[in-house]
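Q: Before we start, here is the structure in question, set down as structure tokens.
The values are calculated or read from the model by the stated rules, or taken from the named source; none is laboratory data. Note that the coordinates shown come from a computational prediction; the quantities given were computed from them, not determined experimentally. Neighbour counts are summed over all protein chains in view; Cβ atoms, including those assigned to glycine, are modelled from backbone coordinates with ideal geometry.
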Amino acid sequence: MFQAPSVFTRAPLPPATPESEPRREQTPKATAPASAPASAAAGKRDPYFDNVKYLAIVLVAVAHAWEPVMDGSRATRALYMIVYAFHMPAFILISGYFSRTFDMSAPKVKRLLTGVVVPYILFETAYTVFRRYAGGQTDAEISLTDPWYLTWFLAALFIWRITTPIWLTLRHPLLVALAIAMLATVSPTIGDDLDLQRVFQFLPFFVLGLLLKPEHFQLVRRREVRLLALPLFAGTLVLAYWIAPHVWLSWLYRANSAQELNVPWWSGPVITLILFGCGLVLTIGFLALVPGRRTWFTVLGAGTICGYLLHGFLIKGARYAGLFDEYPWLSNPIGLVVVSIAAAVAVTLMCTPPVRRALKFATEPDMRWAFRKDPKNPQDRRSPQDPENRKVLAKH
């Protein structure tokens with residue numbers, strides 16, 4: 001299974017992760033997308049990116065729900081291939097876009113730790129306990145170096161983000177990232193630590209996001225691009241349906257080298273370039289179709305990290321309970337529709353504000369107690385009315 005989320009990040013450190021509040025950056029040259037409210041450019045949330053995050057997390061959850069029931073359905077397999085070709089590239093590209101100002105300064109390192117590292121540790125632990133007691137995998141052990149299922153994205157996001165200054169320093173960062181991705185596919189000794197195969201193979205999309213500017217999204221969202229996106233996906237569906245029985249899905253997961261898949265070594269770099277091109281084109285089509293105005297689901301974009309991290313318990317729990325085996329009709333066309341709707345509704349509920357508030361201790365923890373105070377940071381300055389400050393002032 002492809003262990004996906006999001007792009008769900010919060011400004012200035014944006015998902016699946018996903019991590020929950022991207023905002024427009026405060027730079028003199030930054031401009032809001034054409035259809036975005038003027039307030040977006042002033043530092044408020046841009047509804048467009050919240051819409052992107054919500055729709056992408058729905059695709060993630062639905063695709064995960066298809067996996068246990070798509071055998072025997074060529075059409076579902078074709079749809080699955082299309083979704084997997086671009087949903088993670090889209091998340092990662094947006095994550096890169098909102099990581100452009102990451103500079104290893106103290107405030108941003110703090111947000112990286114609380115918004116990525118802490119959720120990774122907590123949910124990696126939670127999933128291991130879930131596997132042991134709900135899945136009956138008594139040999140499951142907590143390993144912070146071997147991400148399981150969905151948590152790989154948080155580990156990858158941490159690595160990508162701390163290397164951001166390096167990519168922004170290079171003259172041709174995208175070419176370097178593509179070279180690394182291709183080399184990873186012929187390096188079976190990389191191993192499973194921190195899912196580095198995925199980290200390297202998806203790296204070009206993150207680096208591309210770092211290079212994007214607001215005007216690039218304006219271009220993507222032009223009317224003519226939206227009109228072209230419709231035949232693009234229609235044609236892709238026809239092609240995917242034609243080749244579905246012959247495509248090895250493992251390539252879409254970017255989790256293995258060519259040698260591990262028992263194919264010629266040269267196929268790894270070739271497939272890497274093909275997947276990058278396909279993922280980029282479909283991502284552009286997806287971004288073009290996402291509405292830029294505020295909609296009923298815009299508010300859910302702020303909670304996609306919750307939907308990302310929680311829906312895995314639902315999907316795995318259903319499999320552990322034997323739900324898909326007990327009800328074989330779920331593999332029928334009507335059943336596939338039911339599964340898709342159920343997954344979409346469930347992940348939508350998981351992104352709602354009440355769930356986000358309930359999980360804030362894990363996804364957006366307030367850990368000021370854990371960090372040194374920076375006198376230059378207004379948030380770290382104590383008020384003269386603070387009890388501890390009054391004690392200090394009294395001594396003088």
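Q: Find all pairs meeting these conditions: Cβ atoms under 6 angstrom apart; at least six residues apart or on different chains; first residue within the range 210-229 and closer than 22 Å to HIS172 by Cβ and at pLDDT 95 or above; second residue of a type in the set (A, V, I, L, M, F, W, C) and assigned to a helix (DSSP H, G or I).
A: Matching pairs, first to second residue: LEU210/TRP167.
Q: Now for a separate question. Taking the criterion of being loosely packed, with under 12 Cβ neighbours inside 10 Å, in a helix (DSSP H, G or I) and among the polar types (S, T, N, Q), would at least one residue in the range 369-380 satisfy it?
A: Yes.
Q: I've got another one for you. Name the single residue that is farthest from the chain's Cα centre (by Cα) among those in the range 316-336 being among the aliphatic types (A, V, I, L, M) and under 18 Å from TYR80 (Cα atoms).
A: Taking the range 316-336 and keeping what is among the aliphatic types (A, V, I, L, M), we get 318, 321, 323, 330, 334, 336.
With the extra rule that they be under 18 Å from TYR80 (Cα atoms), the set shrinks to 330, 334, 336.
Numbers: LEU330: 28, ILE334: 29, LEU336: 24 Å.
It comes out as ILE334.
Q: May I pose another question? Write out, first by first residue and then by second, each pair whose Cβ atoms fall under 8 Å of each other, whose residues are 6+ apart or on separate chains, and whose first residue, in the range 306-331, is over 11 Å from ALA346 (Cα atoms) while the second is charged (D, E, K, R) and assigned to a helix (DSSP H, G or I).
A: CYS306/ARG356; LYS316/ARG131
Q: Look at THR76 and say whether it is more than 25 Å from ALA342 (Cα to Cα) and polar (S, T, N, Q).
A: Working: more than 25 Å from ALA342 (Cα to Cα): no; polar (S, T, N, Q): yes.
Criteria not met by THR76.
Q: Give me the pairs: first residue in the range 132-147 and at positive phi, second residue surrounded by 14 or more Cβ atoms within 10 Å (Cβ to Cβ), beta-carbon distance under 8 Å, and six or more apart or on different chains, which are they?
A: Listed by first residue and then by second, the contacts come to GLY136/TYR320.
Q: Residues that are buried (at least 19 other Cβ atoms within 10 Å of the Cβ): which helices (runs of 4 or more DSSP H) entirely in the range 109-182 hold 3 or more of them? Quick ask: steps written out before the conclusion?
A: On the way: elements: 118-133, 152-162, 164-169.
Helices (runs of 4 or more DSSP H) meeting the threshold: 118-133, 152-162.
Q: Follow-up. Of all residues in the range 277-334, which are surrounded by fewer than 17 Cβ atoms within 10 Å (Cβ to Cβ), under 24 Å from ARG77 (Cβ atoms) and among the polar types (S, T, N, Q)?
A: ASN332
Q: Please pick out the residue among VAL339, VAL270 that is crowded, with 20+ Cβ neighbours inside 10 Å and more than 20 Å from the chain's Cα centre (by Cα). Give the derivation first.
A: Numbers: VAL270 fails: crowded, with 20+ Cβ neighbours inside 10 Å.
Only one candidate passes the filter, namely VAL339.
Matching residues to (1) in contact with a helix residue (DSSP H, G or I) (Cβ under 9 Å, 6 or more places away or on another chain); (2) within 24 Å of TRP148 (Cβ to Cβ):
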residue: ILE92; (1), (2): yes, yes
residue: THR101; (1), (2): yes, no
residue: PRO107; (1), (2): yes, no
residue: THR128; (1), (2): no, yes
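Q: While we're here: Which one of the conditions (1) modelled with pLDDT of 90 or more; (2) under 22 Å from LEU314 (Cβ atoms); (3) not aliphatic (A, V, I, L, M) does ASP71 fail to meet, given that it meets all the rest?
A: Here ASP71 meets the rest and fails (1).
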